[in-house]
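Any read-out appearing in this document is the output of simple, stated calculations on the displayed coordinates, not a laboratory observation. Nothing here was measured: the structure is a model prediction, and the numbers come from that model. Cβ sites come from the backbone with ideal geometry, for glycine too, and all protein chains shown count toward neighbours.
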Amino acid sequence: MLNKFLQIFKIKDLRNKILFILGVFAIFRFLACIPIPGIEKQNLQAFFEQFRMLGIANIFTGGALERLSIVMLGLGPYITASVILQLLTLIFPQLEKMYKEEGEAGREKFEQYARILTVPIAALQAFGMLTFFSRRGAISGVSPIIMFNATLTVTAATLLLMWLGELISEKGIGNGVSLLIFAGIVADFPSNTGAMISEYKRLLTQGVSFSRVFSSYFLFFVMCLFIITGVTFINEAKREIPVSYAKRVRGRLMYGGTSTYLPLSINPAGVMPIIFALSILTFPSMIANFLANNKTILGKIAQQINLFFENPIIHTALYFILVFLFTYFYTLVTFDPKSISENLQKSGGFIPGIRPGESTAKHLKYTLNRILPLGALFLSIIAIMPSIVQAITKIEAFRFLVGGTSVLILVSVALETIRAINAQLEMREYETF
């Protein structure tokens with residue numbers, strides 16, 4: 001491992017790529033420290049203590065949302081645009097054909113549509129959030145001109161991050177968007193360390209015994225290690241379906257006759273079900289908070305809705321159920337057994353004992369339905385782990401170590417980056433050989 005680490009910096013081309021990515025991370029962190037005008041620091045802190053539902057979005061942006069910086073939206077609008085277009089492939093056959101059948105050219109055109117759609121989504125999200133912050137007193141003295149300038153600045157900063165992510169992707173060391181989200185999550189480590197030290201000192205001054213504080217922190221980190229190990233294991237777990245290729249003779253050459261396998265991931269949906277479930281859960285609370293100050297019967301209903309969703313038991317139960325259901329829904333969108341069976345048939349491949357075509361598609365669907373409940377249950381448990389760990393240990397810092405979405409992103413991006421670096425090293429070893 002140490003030898004590979006040293007090889008990264010010995011090879012000039014690879015070293016320049018790594019330094020470029022680190023430079024982009026530095027630019028991202030610099031932008032995260034530039035606030036928009038009119039912020040009231042004390043009101044802002046009180047606001048985020050009141051609306052803890054924005055904590056997950058703040059983790060993804062590396063604290064940029066909590067500071068109300070110009071990159072407060074992070075890469076959320078771009079991810080939202082990509083998800084919307086993927087869902088639209090179920091409605092529009094031409095879009096589905098472009099995404100699934102037109103190869104690399106179709107994918108590039110699809111990504112271009114996602115970039116274009118990012119602009120209005122980022123503008124709407126920026127205006128909506130700034131208006132919400134202004135009404136809650138987190139921002140003061142916001143005139144229409146300042147609101148327009150701030151919305152334009154936040155939208156432009158989001159597009160800048162999207163462009164920087166694509167520059168990272170061109171270097172061939174992992175996905176740029178994922179790496180920027182990874183950097184945003186890890187950037188919370190110093191602030192969480194400070195919060196944990198402050199919490200430790202506060203507990204000691206309140207007369208809590210050292211052994212009790214130490215046991216809570218020890219249990220917390222043991223649970224973190226268990227969660228990260230479980231996420232890594234499930235993220236890499238696959239159901240291997242054997243595939244054989246028929247022998248074909250073309251001229252004097254013989255092709256095929258080999259055996260391989262088709263990997264079906266136990267967690268094919270990734271982190272998207274958790275993101276969908278969070279959006280569904282936070283939307284009613286957001287609307288209720290807008291209407292809660294209304295003195296009519298509508299305001300009273302909004303207050304009751306807000307109290308209902310703020311109940312920790314109800315919130316955790318709904319979160320668990322929604323993640324489980326959305327795992328099936330998103331897998332249905334992204335995984336198409338029929339197209340996979342057709343591609344296998346065109347390339348001369350078949351599953352031993354299963355007829356090509358419709359029978360292969362049914363077999364793939366049957367196998368997926370057997371392993372998907374395990375993946376859905378895993379995602380649902382990981383999603384509610386922050387609440388469980390916090391209830392047991394009473395520690396609020398380092399939530400990204402136990403948070404379902406953040407841990408999944410950290411693990412998957414780290415593994416993907418390691419594979420990409422190993423591929424770069426093996427390619428250069430092959431060239432020297």
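Greater than 28 Å separation of Cα atoms is the criterion. Which listed pairs, 109/171; 109/346; 10/238; 17/338, meet it?
Going by Cα-Cα distance, 10/238; 17/338 fall outside the 28 Å limit.
Let a ≥ b ≥ c be the square roots of the eigenvalues of the Cα gyration tensor of segment 90-225; is it rounded (a/c under 1.5), or, if not, prolate (a/b larger than b/c) or oblate? Since a/c reaches 1.5 but b/c is at least a/b, the shape of segment 90-225 is classed as oblate. The protection proxy used here, the mean number of other Cβ atoms lying within 10 Å of each residue, ranks peptides 69-75, 16-22, 174-180, 317-323 as follows, highest first: 69-75, 174-180, 317-323, 16-22.
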